[in-house]
Amino acid sequence: IPISHCAPLSLFSTIPPFPFLSSPYLTSAAAIAMALSTATNPAVAATPTPATTSSASLITSLFSTRLAPAISRRRSRQSSIVVSVSTSSNPTAVAPGWSVESWRSKPAVQIPEYPNNEELESVLQTLSAFPPIVFAGEARKLEDALASAAVGKAFLLQGGDCAESFQDYNANMIRDTFRVILQMGIVLTFGAQMPIIKVGRMAGQFAKPRSDSFETKDGVKLPSYRGDNINGDAFDEKSRVPDPQRLIRAYLQSVGTLNLLRAFATGGYAAMQRVSQWNLDFVQHSEQGDRYMELASRVDDAIGFMTAAGLTIDHPIMNTTEFWTSHECLHLPYEQAMTREDSTTGLFYDCSAHMLWVGERTRQLGGAHVEFLRGVSNPLGIKVSDKMDPSELVKLCEILNPHNKPGRLTIITRMGADNMRIKLPHLIRAVRNAGLIVTWVSDPMHGNTIKAPCGLKTRAFDAIRGELRAFFDVHDQEGSYPGGVHLEMTGQNVTECVGGSKTITFDDLNSRYHTHCDPRLNASQSLELAFAIAERLRKKRLRSGKSIVGGSNGVTI
């Protein structure tokens, strides 16, 4: 039922019972419905004052992005209507010819060579007996959210470290990155007025693909550093030898990271009432910090209005947030050891993360990584550069998502701004002409890596923003949906990417250059980028006349 067509009380009377709709929350639920109807239905709304308009708009945004998805999921679970996306085969069956080991019969790249295979097998046996890091039901829930992003009714915010490290593992680092993602989510929420799907490159993003298997310094040739779960980054022979025991340490760190993220997401830290407390100290007295605090003040005003109007805000919907994890599916022996059969469906899930992606270097149609991923039921990403042929992308999508299930595939483009305008339209048209359902996401980082005069790798903020602008322009041109953004970022005050409102220069790079792999946006740059994306989403929404609640788009909850 479109919310703008509902009488306030009838909205809740037609929804299957929720615990919070019983006393003492019923009065608050009716007030929420009244606020939403007043904000979206001109026939219901009285002539508002400017202050009332602001509060109503904020309430609409808050509850449409936190309450509506929960109601929608509850209703969809109880509905008898089934939408079929494939009639030729069973989307709930294990992929034909697939097993957790079938990838071993395919050509494999980027797999480290261990000096002691017996020790490796012993470690993998140990890992296969460990508890899963994530659960199948959580991955299915993320898939449902991504299905909304595929049709323009949600937006993916995916971000985190280029590569997690053992050395930087501490609660403050995890908290600060989580805080920035929360801040960005708030900014994007008010720009898009739709749910923001928050997915971290966290709790498992260790392994990194390498262009060369070896690197040479001062005439010394050693194996390349491949991530802390494989070998060490110190340039000495002992550190660069792949060590299976690092896989167990990576598992334990992933468990600890996710445990802390769960506590932050559900323990009150992510409550809307704390929105003004998420600002990091070094961001507070900056242009982006000031802009964020202005927005936080508006949220506080809206919450105060809701409280004065008798709306209960001490409900989990307002005090928690959904947060998922993701990483590149690269170290296949580890991923196999973390794969479990879901007892409720009989499907297999890689329980090392909610979402996995296949990289530019490992997406060969007949390769081991694609073979492994086609059999696990997690939502999947495909990293796509300007080298991707449209017909090859269609074949890859059909291999990984033969039932064309919404939310299963996210295409993450990484091309650079100029290539984006030339190549992306052909990919979009090929996917559309094949009738495939995907979520389009921009990774504006990897296509814009350069070497600074000092020899360090960096990325220019203007180039990153330029690729995002091209991404949105192309989707506007093609009539498709820009479904999200994928960023390498940190909550730390690093100087790894040049530019931004604080005008980091090449000369500043050495002052706080801490990355173990590729350069990351710092918190201020991340927030600045979020404001730019939010403004683009706001303009797109205003042009289309759409809102997640009511309006002409017929969104139902």
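Only the coordinates and a few stated rules stand behind these numbers; no lab work does. Only a predicted model underlies this, so the values are computations on that prediction, with no experimental measurement involved. Every residue, glycine among them, receives a Cβ derived from its backbone with ideal geometry; neighbour counts consider all protein chains shown.
Some observations on this one:
- Fewest-first ranking of SER286, SER102, SER297, using other Cβ atoms within 10 Å as the exposure measure: SER297, SER102, SER286
- Legend: calculated FRET efficiency, GLN277 to ASN170, from the Cβ-Cβ distance at R0 = 25 Å, rounded to 0.05, equals 0.80.
- Length released on extending from SER343 to GLU121, taking residue separation times 0.36 nm less the Cα-Cα span: 77.4 nm
- Under the simplified labelling scheme, the LYS221-SER128 pair shows an inter-label distance of 3.6 nm, with each label point 7 Å from Cα along Cα→Cβ.
- Legend: calculated FRET efficiency, ARG262 to LYS451, from the Cβ-Cβ distance at R0 = 25 Å, rounded to 0.05, equals 0.05.
- Residue-wise HN-Hα coupling along region 331-338, computed from phi with Karplus coefficients 6.51, -1.76, 1.60 (Hz; x: Gly, Pro): 8, 4, x, 5, 4, 4, 5, 9
- Here the Karplus curve 6.51 cos²θ - 1.76 cosθ + 1.60, taken at θ = phi - 60°, turns the phi angles of region 289-297 into couplings of x, 5, 4, 5, 5, 5, 5, 4, 5 Hz, with x standing for Gly and Pro.
- Cβ-Cβ FRET estimate between SER511 and ARG432, R0 fixed at 56 Å, reported to 0.05: 0.75
- Three-way shape call for region 435-495 based on the alpha-carbon gyration tensor, with the a/c threshold at 1.5: prolate
- Footprinting exposure proxy for LYS423, LYS540, LYS238 (fewest neighbouring C-beta atoms within 10 Å first): LYS238, LYS540, LYS423
- The phi-based Karplus calculation (6.51 cos²θ - 1.76 cosθ + 1.60; θ = phi - 60°) puts the 3J(HN,Hα) values of region 365-375 at 4, x, x, 5, 5, 5, 4, 5, 5, 5, x Hz, whole numbers, x for Gly and Pro.
- Taking a straight line from the alpha carbon of LYS238, these lysines sit under 21 Å away, with near neighbours fewer than eight places off in the same chain left out: LYS208, LYS217, LYS221.
- Note on HIS369, HIS514, HIS446, HIS354: ascending count of other Cβ atoms within 10 Å places them as HIS514, HIS446, HIS369, HIS354, the fewest first.
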